[in-house]
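The values are calculated or read from the model by the stated rules, or taken from the named source; none is laboratory data. On a predicted model such as this, the values are computed, not experimentally measured, just so you know. All Cβ positions, glycine included, derive from the backbone under ideal geometry; neighbour counts span all protein chains shown.
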Amino acid sequence: MLVLPDFPWNALVPAKNRAAEHPGGLVDLSVGSPVDPTPESVARALAAATDAHAYPTTNGTTGLREAVVRWYARRRSVTSLVPDGVIPTVGSKELVGLMPTLLGLREGDVVVHPEVAYPTYDIGARVVGATPFASDDPDAWPAATKLIWLNSPGNPSGRVDDRTYLRRAIARARELGAIIINDECYAQLVWNGGEAPSILDDEVTGGDLTGLLSAYSLSKQSNLAGYRAAFLAGDPRLIGEILEVRKHLGLIVPSPVQAAMVAALDDDAHVDAQFAVYRARRDTMVAAVTAAGFRIAHSEAGLYLWVTRGEPAFDTVNWFADRGILVAPGIFYGEAGANHVRIALTATDERIAEAARRLADAGVPAVQ
Ligand SMILES: Cc1ncc(COP(=O)(O)O)c(C=O)c1O
């Protein structure tokens, strides 16, 4: 049996049980699972595609790949992408976890990921016996590096990499002969008028996508986490090689989901509406958390606030749990997160307002 680290969320069960004792009920701000409805246009497209007797193609329908190309051009300033440079994935978590496997990496190879990071980059490296390496500094990436994960906007910190950094990371990846992927699933959730450039952005690449990939998911922007709808896009030669392996493994997006993805990608209105919903929740939580004495780091984009008051993460988790609020300890995301917690904005307006109320009474723990 493959031996992997303990699933981190198991360690949060005691805090969850404690928070659930709050008389006003649990406010769960730990996992970033969307709570708002799937857009009607997308649900209709799924329903219209339920006659799915034939096997879907692993590389997706032409219609889906063309919709992805249109979406990158319209929403991400990417005009050099072609339909052969696109492949749908069954959500992006499987892709992140399996990428070193698909690329044939093995012991001795290094997989770089951000210093505070979504844990699946590390797991994917371990699955093949490769070495995970947490570093944001391209000059520190070792000679044995074969795959580099960027994650901008980042989970958990909400940090955004600018074009200068992306160009520097790409230059270093090419020097090392490594593939570089930016996991961009929070790209449509950038606050305060900022922007989060794609790794495929025209100004970043100058039109040369060699060795570059962008991973994107519709889970967050379109409330489609339950559909498992995502894609990988970029260098068509690399996508072709990845396609061959995924065909052998049967990693195929169901055809009704492919149809739903086209509807989601062609409809900007629901993305903008969802953005406004999260912005209001974020404004409420920024004010409440700051007034309760926490400092918010980064969090320029994405679905989380990355907060600290300079104490070990589990102390802060327990402080929130005493008030019936569950947050995630930064240590889940690496040593660099040891004094932070991650607060998700994926709760209903009612629960967010309730969390803010409890934080306003912060002196008084309600769970004794
Ligand atoms: C950075 C990052 N990558 C990938 C994923 C996986 O998303 P999904 O599998 O829903 O596409 C998440 C989910 O939270 C994430 O935060």
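Of the residues in segment 72-82, not one is buried (at least 19 other Cβ atoms within 10 Å of the Cβ) and of a type in the set (G, A, S). For segment 42-60, a residue qualifies if it is among the aromatic types (F, W, Y) and either under 29 Å from N155 (Cβ atoms) or within 16 Å of the ligand (Cβ to nearest atom) (or both), but none of them does. For segment 84-110, a residue qualifies if it is under 22 Å from R70 (Cα atoms) and either surrounded by fewer than 20 Cβ atoms within 10 Å (Cβ to Cβ) or not assigned by TED's automatic domain parsing to the domain that holds A260 (or both), and the qualifying residues are D84, V90.
Which residues, counting only those in segment 116-147, are charged (D, E, K, R) and surrounded by fewer than 16 Cβ atoms within 10 Å (Cβ to Cβ)? First the steps, then the outcome.
First, the residues of segment 116-147 that are charged (D, E, K, R): 122, 126, 136-137, 139, 146.
Hits for segment 116-147 are D137, D139.
Being more than 16 Å from the ligand (Cβ to nearest atom), in contact (Cβ under 8 Å) with a residue 40 or more places away in the chain and not assigned by TED's automatic domain parsing to the domain that holds R342 is a description that applies to I170. With a requirement of 2 or more residues that are closer than 13 Å to I87 by Cβ and either without any contact (Cβ under 8 Å) to a residue 40 or more places away in the chain or more than 15 Å from the ligand (Cβ to nearest atom) (or both), the helices (runs of 4 or more DSSP H) lying completely within segment 180-284 that satisfy it span 236-249.
Scanning segment 61-87 for residues that are within 16 Å of the ligand (Cβ to nearest atom) and in contact with a Pro (Cβ under 9 Å, 6 or more places away or on another chain) returns L64, V68, V86. For V253, are the conditions met, namely being over 20 Å from the mean Cα position of the chain (by Cα) and crowded, with 17+ Cβ neighbours inside 10 Å? No: the conditions fail for V253.
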